[in-house]
């Protein structure tokens with residue numbers, strides 16, 4: 001009899017689970033209904049299901065059907081903290097569209113400071129994983145995947161303009177992976193953060209020049225150039241240790257335009273063996289809006305070894321000097 005009772009109990013549990021699953025699936029299907037009352041009833045049933053339904057609802061967060069997408073976000077928002085792990089796991093979807101990004105922003109805003117702090121914690125944890133992957137020469141595909149997650153978290157933090165807390169994000173300006181430094185600089189700028197030391201200023205402004213324009217710092221090249229002009233030794237040490245990408249360093253040197261910077265470029269040209277490198281360094285001196293830059297540029301042209309190399313690349317090199 002006990003065996004039969006156990007079997008009947010097990011069967012009732014299976015049937016109950018199947019019935020609940022069927023109700024969840026039916027409710028998910030009704031999220032896309034054209035009838036607002038049907039959608040609201042489906043939302044209510046799903047919310048009563050608690051956090052266990054969140055992973056299933058997540059599939060509708062990027063639905064093309066606007067009503068279904070909004071209903072899915074409504075479920076997550078009503079679930080609150082019960083949906084947090086799922087929303088953190090699915091946050092990479094934030095780049096799918098403006099509407100999806102706004103849905104994630106509204107969800108985390110609804111959690112108040114607790115939601116914001118969870119994002120900051122997740123951001124730092126993600127950066128730690130990137131450190132391990134970058135320094136251990138791990139898979140670039142895996143590093144790219146983790147960094148996309150990092151950018152997604154940062155994106156939502158940036159849109160939560162009701163909170164200016166940056167937590168430990170300034171530490172990421174010294175991260176070993178340059179893309180992390182770039183994204184951290186943008187997030188800090190959006191939050192209105194200011195560098196607390198000349199070293200952090202060099203990293204911050206030079207990497208900020210590599211990302212989207214930030215209205216709080218409209219001319220990061222000029223800001224970095226002022227630091228380079230005031231303490232060129234510190235600038236070089238910092239820029240060598242935490243290099244920005246592209247032509248940022250060259251732009252900063254040209255903008256700085258001091259005699260010390262011009263002499264540095266001149267010495268670099270004299271040590272160079274490639275005529276293209278020599279010509280490029282000559283071009284930096286020529287671009288400087290200072291007599292020091294033009295003077296050192298003329299000196300390079302007069303050099304019996306360097307002058308011909310420069311003219312071979314740029315026949316009009318002497319123009320304007």
Inset, instruction - Using the structure shown, decide if residue 281 is within 22 Å of residue 314 (Cβ to Cβ), assigned to a helix (DSSP H, G or I) and outside the structural domain of residue 177 (by TED's automatic domain parsing). - result: yes
Legend entry - Hey, residue 127 within 29 Å of residue 241 (Cα to Cα) and in a helix (DSSP H, G or I) or not: yes
Inset, instruction - Would you mind telling me which numbered condition in (1) more than 14 Å from the chain's Cα centre (by Cα); (2) farther than 14 Å from residue 123 by Cα residue 165 fails? - result: (2)
Legend entry - Residues of the range 275-308 satisfying the condition of being crowded, with 22+ Cβ neighbours inside 10 Å and over 20 Å from residue 256 (Cβ atoms): 278
Inset, instruction - Please give the number of the condition residue 291 fails out of (1) without any contact (Cβ under 8 Å) to a residue 40 or more places away in the chain; (2) touching a helix residue (DSSP H, G or I) at 6+ places or on another chain (Cβ under 7 Å); (3) within 19 Å of residue 229 (Cβ to Cβ). - result: (2)
Legend entry - Test result for residue 163, surrounded by 15 or more Cβ atoms within 10 Å (Cβ to Cβ), not assigned by TED's automatic domain parsing to the domain that holds residue 62 and not in a helix (DSSP H, G or I): yes
Legend entry - Residue among 208, 200 that is at pLDDT 95 or above, surrounded by 18 or more Cβ atoms within 10 Å (Cβ to Cβ), within 20 Å of residue 179 (Cβ to Cβ) and in contact with a strand residue (DSSP E or B) (Cβ under 9 Å, 6 or more places away or on another chain): 208
Inset, instruction - Enumerate the helices (runs of 4 or more DSSP H) found wholly within the range 175-242, keeping only those where 2 or more residues are under 26 Å from residue 119 (Cα atoms) and assigned by TED's automatic domain parsing to the domain that holds residue 153. - result: 178-190
Legend entry - Within the range 78-110, tally of residues that are surrounded by 19 or more Cβ atoms within 10 Å (Cβ to Cβ) and over 25 Å from the mean Cα position of the chain (by Cα): 1
Inset, instruction - Write out, first by first residue and then by second, each pair whose Cβ atoms fall under 7 Å of each other, whose residues are 6+ apart or on separate chains, and whose first residue, in the range 299-319, is closer than 19 Å to residue 264 by Cβ while the second is in a loop (DSSP other than H, G, I, E, B). - result: 301/317; 301/318; 310/317
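The values are calculated or read from the model by the stated rules, or taken from the named source; none is laboratory data. Just so it is clear, the structure is predicted and the values come from calculations on it, not from any experiment. All Cβ positions, glycine included, derive from the backbone under ideal geometry; neighbour counts span all protein chains shown.
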